């Protein structure tokens, strides 16, 4: 009898198909592990940033209760600035080729924009975070001073999306804020970074 070798060809084709399936499975497992690692890193970053924001909020609350004028001027040792710091590049992304307007996120020295972030103490081993607090005013001084213009709240309007309110703000002096809402509330911005 003459054998044509069809079984051998079919076995080789099946072997190639099984090999390709195995390689595909290995790649999908590697991709899954990489995605899980990225998600864990993202959660760690968010956790460290949340701790920084909580510390900044606590400092802001405590300091405002200690003295009525405690937030009128910069306190760079605490990472607090009484103005919006518009000249500073808070993330380092606005002017990537020019670092003269960057914030000193390490907390050790002042950067050229003269803003130094406050490092957070008591972070878990291997983690670090820092924050910067800015009062949303155009100049330092008392928020009751008519020459100091600050971002303050206005009456929330109904949102176009799902009925949730839109909160808007505008730059006003103390007299304009008192006329508008009956109270002189001012906004603060907290920026946290996980280096």
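The values are calculated or read from the model by the stated rules, or taken from the named source; none is laboratory data. What you see is a predicted model; the values in this text were computed from it and never measured. As a convention, Cβ positions derive from the backbone with ideal geometry for all residues, glycine included, and neighbour counts pool all protein chains shown.
Numbers for the structure displayed
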| quantity | calculated |
| --- | --- |
| Residue match in segment 68-76 (condition: in a helix (DSSP H, G or I) and free of Cβ contacts under 8 Å to residues at least 40 places away in the same chain) | no |
| Some residue of segment 132-152 being assigned to a loop (DSSP other than H, G, I, E, B), modelled with pLDDT under 55 and surrounded by fewer than 19 Cβ atoms within 10 Å (Cβ to Cβ) | no |
| Test set (1) surrounded by fewer than 12 Cβ atoms within 10 Å (Cβ to Cβ); (2) part of a helix (DSSP H, G or I); (3) within 42 Å of the chain's Cα centre (by Cα) - residue 48 fails condition number | (1) |
| Subset tally (residues that are farther than 17 Å from residue 49 by Cα, out of contact with any helix residue (DSSP H, G or I) (no Cβ under 9 Å at 6 or more places or on another chain), surrounded by 13 or more Cβ atoms within 10 Å (Cβ to Cβ) and at pLDDT 75 or above) for segment 72-101 | 9 |
| Qualifying residues in segment 114-127 (those that are out of contact with any strand residue (DSSP E or B) (no Cβ under 7 Å at 6 or more places or on another chain) and on the phi < 0 side of the Ramachandran plot) - the one surrounded by the fewest Cβ atoms within 10 Å (Cβ to Cβ) | 125 |
